[in-house]
Amino acid sequence: MRTRKSARAGQYAALLAYLAFLALPFLWLVSTAFKPPRELAGLHPTWIPQDPTLANFRQAFDEQPLLRAALNSLLAAFSAAVVAVVLATPMAYVMARRRTALTRVASGWVVVSQAFPFVLLIIPLFLVLKNLRLIDSVPGLVMVYVVWALPFALWMLTGYVRAVPAELEEAAAVDGAGRLRILVSVTAPLLAPGIAATALFAFVTAWNEFFFALVLLKTPEKQTLPVVLTHFIGAEGVADLGPLAAAAFLATLPSLVVFAIIQRRITSGMLAGAVKN
């Protein structure tokens with residue numbers, strides 16, 4: 001009993017340490033965003049601003065087109081998430097339900113493709129977009145994000161489809177339901193957590209992406225938020241810390257809002273009790 005309590009205490013301690021590791025940088029970012037220049041230049045920084053101000057936010061919006069860049073990022077991230085989920089869902093169903101040599105090869109290729117670095121992909125993607133005349137355009141950037149997110153989205157959804165008991169589909173078929181009716185009325189509702197998690201992954205990945213946006217977008221009016229954030233760093237590498245922290249704090253909010261909206265769908269155990277032995 002004492003060993004079990006010690007193990008439980010160790011687990012809680014590890015969890016608290018992990019939460020602190022994730023939370024402290026964000027809390028420091030929030031604190032910096034509300035500090036006046038005098039406190040930012042102080043020799044003894046504090047966690048809580050002594051004289052909180054919104055001047056950094058006003059300066060950030062005055063110096064850079066944050067709203068336009070945020071709209072570009074939102075359009076690219078949302079479009080990439082929708083397209084990736086729409087393409088990956090039927091593909092994942094086929095790969096999970098039809099165990100053939102072709103599907104096994106496809107599954108292996110999905111796993112191997114995750115090892116490709118950004119630099120290896122940017123040149124062929126750039127040439128393809130150049131031939132399609134989609135360089136320096138948000139639709140071209142969306143295509144790149146879909147290509148990058150699709151393998152992992154497919155891998156995620158395949159696991160969720162395999163978790164859906166095949167007995168449910170067989171029972172629906174015995175009751176006279178056709179394949180399309182089974183997919184829409186039986187399988188799709190049970191895949192809601194997987195679809196939500198996949199959409200969240202694709203959205204957050206596209207929202208935070210920097211490298212592809214930097215290479216493909218040259219017009220300032222089309223640049224995304226991560227690229228615009230780099231404009232707060234001067235030519236000599238000196239960062240305008242207050243406005244940069246304020247802009248970075250605002251850039252994290254959409255991801256948090258999206259997660260808060262769909263987090264109820266990302267739960268386990270939705271299939272518990274669906275099939276009786």
Checklist outcome for this item: Calc'd 3J(HN,Hα), segment 46-55, phi into Karplus 6.51 cos²θ - 1.76 cosθ + 1.60 (θ = phi - 60°), Hz, glycine/Pro = x, comes to 10, 6, 9, x, 6, 9, x, 9, 9, 5
Checklist entry - Which value in nm describes the separation of the simple spin-label points at residue 127 and residue 75, placed 7 Å from the Cα toward the beta carbon? => result 2.9 nm
Next on the checklist: Using the basic label-point model (7 angstrom from Cα toward the beta carbon), what is the residue 120 to residue 27 distance in nanometres?
Outcome noted: 4.0 nm
Checklist outcome for this item: Quick shape summary for the chain, equivalent ellipsoid via Cα gyration tensor, semi-axes whole Å in descending order, reads 41, 28, 17
Item to check | residue 177-residue 137 pseudo-label distance in nm [points 7 Å out on the Cα-to-Cβ vector] | outcome: 4.1 nm
Checklist entry - Tell me, what HN-Hα J-couplings in whole Hz come from the Karplus equation 6.51 cos²θ - 1.76 cosθ + 1.60 at θ = phi - 60° for each residue of segment 6-15, using x for Gly and Pro? => result 5, 5, 5, 5, x, 5, 5, 5, 5, 5
Next on the checklist: If the reach is capped at under 12 angstrom between alpha carbons, list the aspartates and glutamates near residue 222, excluding any in the same chain fewer than eight residues apart.
Outcome noted: 136
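Rounded to a whole number, what % of the accessible area of the chain do carbon and sulfur atoms account for, probe 1.4 Å?
Answer for the chain is 69 percent, counting heavy atoms of protein chains only.
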Next on the checklist: Can you give me the accessible area per residue for the chain, using a 1.4 Å probe, in Å²?
Outcome noted: 61 Å²
Item to check | Counted charge near residue 122, where neighbours are those whose Cβ lies closer than 15 Å (Asp, Glu -1; Lys, Arg +1) | outcome: 0
Checklist entry - What does the helix-only formula give at 222 nm for the chain: each DSSP H stretch with n ≥ 4 adding -39500 (n - 2.57), the total divided by the residues, and the result rounded to the nearest 500 deg cm²/dmol? => result -23000 deg cm²/dmol
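The values are calculated or read from the model by the stated rules, or taken from the named source; none is laboratory data. Just so it is clear, the structure is predicted and the values come from calculations on it, not from any experiment. Positions of Cβ are generated from backbone atoms using ideal geometry, with glycine treated the same way; all protein chains shown enter the neighbour counts. The protein model used for the area step is the full one, side chains on, heavy atoms only, and it has no ligands, DNA or RNA in it. Shrake-Rupley method; radii C 1.70, N 1.55, O 1.52, S 1.80 Å.
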